[in-house]
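Undergrad: After the structure tokens below, expect a handful of questions from me.
The values are calculated or read from the model by the stated rules, or taken from the named source; none is laboratory data. Being a predicted model, the structure only gives us computed values, none of them experimental. Don't worry about glycine lacking a Cβ; one is built from the backbone with ideal geometry, like all the others, and counts go over all protein chains shown. The area values use the complete protein model at the heavy-atom level, side chains included, leaving out ligands, DNA and RNA. Shrake-Rupley method; radii C 1.70, N 1.55, O 1.52, S 1.80 Å.
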Amino acid sequence: MSYAYSPTDSYRRMAFIRRFEEEVLELGREGHVAGSVHLCLGQEAIPVGAMSVLQPGDKVLSTYRGHGWALASGANPLAVLAEIAQRAEGTNGGRAGSPMLSAPSVGFLGENSIIGAGLPIGAGVAMADRAQGGDGIVLVSLGDGAMNQGGTTEAMVFAAARNLPVIFALENNGWSEMTPIATTTRGEHLARRGQGLNIESHVIDGGDPVAVAEAVAEAARTCRSGQGPVLLEFKTVRMSGHYNKDIQHYRPEDDIEAAQLQDPLLRLRQIEGISDEDASRIEAEVTAEIKALAERVRALPAPDPSDVLDHLYAPDLPVPTGNPVEGKEIAYFRAINEALKDALRRREEVIVYGEDVGYAGGIFGVTRGLQKEFGDQRVFDTPIAETAILGSAVGAAMNGLRPVVEIMWADFVFVALDQIINQASNVRYINRSTVSAPLVIRMQQGVTAGSCAQHSQSIEAILSHIPGIKVGMPTSPQDAYAMTLAAIEDPDPVVLIEHRAMYQETGTVALAGPTEIVGGARERRSGDDVSIITWGSMVSASLEAADTLAQSGIEATVLDLRWFRPLDTEAIARAVANSGGRVVIAHEAFVTGGFGAEVAALISDRHFGQLSAPIARVGTPDVRMPSAPSLQEAVVPGAKDIVAAAHRVLSR
């Protein structure tokens, strides 16, 4: 929202935010707001000044103290207040509440209740805008405490590496929740951090909307010229507690009094000479307007629980039809490479990036040759910054691209897991499908000779626990090709876990024809004595075990799940029924908490009456993975362990 500056207009806008927040407090005291609310009292000049100079098409992401940003962006005040009060007519239908509300239709992409998490997302939004030929900028607000988050630094490094049009608006009110920033952080001006990253950085009076507007306008010019990002540190005050029920017992009285003296509304009246009469008139008008909004919100209904499960995922894509095509013998890693090539050719919005994936072609050669064919704007290398990689992918996907990013080793994703669990998974649901995040995260996992405990873990169960994302594991070159394409075409976030030990395995791959949709298990072998449900590296071990069992007259079904979310429960039901209720579940991951436990629980819950014996689970025992091959061999399960489990089930 851009508007011409006038002192009384700015005063009105700031007063509106002030009275709005005060009414939120009142609604909370009356019991109309559940949970915590973080108010921007004392910081009103920053969103009002900034939004006075930004242009249509520019976008804003804020902290959880972002009601003022939503209002200044042009969000409907009734809808914002209704969302804070968790009402059906709220901006997000009560799904976001105070700390995550959004209004994408006016460019407000939302608050974020995870400190610092919005910065890499904002970088991705800006990257997508530039990739699609836009000239918009992205403003991302953060608090002083967020400057100590690793993701903040990663986002700034990433944005600087690609000269992204991002304004990092640091609202420094001197308090990191309940702790003075001065007690935890050295230096008076946090903007020096930006200077250390070679980012243009300035310290601004955040209580003066004119100074804010001038600084943001100049930063916007810098960003639009291709010289971004810019860090602006706005010195401001917090005129209330950290949240609505904070009694500020930790805060010295003189600090509270000093903040009141720096009230930006009082300062604007003094600086611009707004008369008491004009100020009183404006405040009376604003108060009446806010009171009327609050009365309407009090009468609004709560959300209807009947649709609480809606918008977690997009509707299923149609099942493709077409004739099979002749296959080609290629390796697993090359099949992924071919899928990425096909996707880059089919869709201009596909981009591929990550650590070493561009010029070098990836540590395992999976992306080799892609940058040469498609250029360094669509296939590129990034800083070693997993949070920035994943967060930027979320933002880019929200803004029209289909990023395919690589986390070099699955073990490394834990340093950035927030961007999957708290960010990507929430986009569609919180926004009720008005915004989505169709991205693909590739990673490889598993034990290979010499791999240590930090390069060998199987993490499919952890990721599959999260609603809002989809998770798959290709176990053949054909699946590596088909599932990669399916993931890229899917309208929701997809994690594809490859197995490092399979990269050199070869098989027949149909490189054309209809693209699969996400989901669906595959029966690799049929038998009616016992069913082995498996995935990943254990598929080949299970097939070997089935061959061994067949030598003694035991015929085994081998079901490769392929996808964990969505899980093919019908295929599991058939496997249980076809083997007379004798089931072995085999995976490389640790037995305790492995995805096999979920499958076993599902079978017990839905098919208990068909079971002829207790379900047997095969997996790695609970131990940290040693590096020595001889020690690995002692703990990683294989065909002989699956055979033994099958015999146990059959002997019951």
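Undergrad: State whether the residues of region 580-587 include one that is closer than 26 Å to Lys470 by Cβ, open to solvent by 20 Å² or more (accessible area, probe 1.4 Å) and modelled with pLDDT of 95 or more.
TA: no
Undergrad: Here's something else I'd like to know. How many of the residues making up region 238-258 are assigned to a helix (DSSP H, G or I) and surrounded by 13 or more Cβ atoms within 10 Å (Cβ to Cβ)?
TA: Total meeting the criteria: 2.
Undergrad: Take the conditions open to solvent by less than 20 Å² (accessible area, probe 1.4 Å), over 21 Å from Gln260 (Cβ atoms) and in contact (Cβ under 8 Å) with a residue 40 or more places away in the chain and apply them to Ser73. Does it pass?
TA: Against the criterion (open to solvent by less than 20 Å² (accessible area, probe 1.4 Å), over 21 Å from Gln260 (Cβ atoms) and in contact (Cβ under 8 Å) with a residue 40 or more places away in the chain), Ser73 qualifies.
Undergrad: Could you pull out the residue among Pro514, Pro477, Pro493 that is more than 16 Å from Glu588 (Cα to Cα), touching a residue at least 60 places away in the same chain (Cβ under 8 Å) and surrounded by fewer than 22 Cβ atoms within 10 Å (Cβ to Cβ)?
TA: Selected residue: Pro514, the only one of Pro514, Pro477, Pro493 that is more than 16 Å from Glu588 (Cα to Cα), touching a residue at least 60 places away in the same chain (Cβ under 8 Å) and surrounded by fewer than 22 Cβ atoms within 10 Å (Cβ to Cβ).
Undergrad: Based on this model, can you work out whether Gly57 counts as closer than 24 Å to Pro165 by Cβ and assigned to a helix (DSSP H, G or I)?
TA: no
Undergrad: Do we have Asp547 as in contact (Cβ under 8 Å) with a residue 24 or more places away in the chain, more than 30 Å from Asn426 (Cα to Cα) and not basic (Lys, Arg) here?
TA: Here the answer is no, as Asp547 does not meet what is asked.
Undergrad: Looking only at region 23-60, how many residues end up being open to solvent by 40 Å² or more (accessible area, probe 1.4 Å) and either under 19 Å from Arg267 (Cα atoms) or touching a Ser or Thr at 6+ places or on another chain (Cβ under 6 Å) (or both)?
TA: 1
Undergrad: Name the single residue, out of those in region 614-642 being in a helix (DSSP H, G or I) and in contact (Cβ under 8 Å) with a residue 12 or more places away in the chain, that is farthest from the chain's Cα centre (by Cα).
TA: If we take residues in region 614-642 being in a helix (DSSP H, G or I) and in contact (Cβ under 8 Å) with a residue 12 or more places away in the chain, then Lys640 is farthest from the chain's Cα centre (by Cα).
Undergrad: If you scan region 443-463, which residues turn out to be within 27 Å of Pro315 (Cα to Cα) and open to solvent by 10 Å² or more (accessible area, probe 1.4 Å)?
TA: Within region 443-463, Ala461, Ile462 meet the criteria.
Undergrad: Among Ile290, Ile274, which is the only one that is more than 26 Å from the chain's Cα centre (by Cα) and outside any helix (DSSP H, G or I)?
TA: That would be Ile274, the only listed residue that is more than 26 Å from the chain's Cα centre (by Cα) and outside any helix (DSSP H, G or I).
Undergrad: Can you give me the number of residues within region 140-190 that are within 19 Å of Arg224 (Cβ to Cβ), part of a strand (DSSP E or B) and either open to solvent by 20 Å² or more (accessible area, probe 1.4 Å) or without any contact (Cβ under 8 Å) to a residue 40 or more places away in the chain (or both)?
TA: Looking only at that region, the number is 0.
Undergrad: Restricting attention to region 299-315, which residues are in contact (Cβ under 8 Å) with a residue 60 or more places away in the chain, farther than 30 Å from Arg565 by Cβ and open to solvent by 60 Å² or more (accessible area, probe 1.4 Å)?
TA: Matches in region 299-315: Pro301 only.
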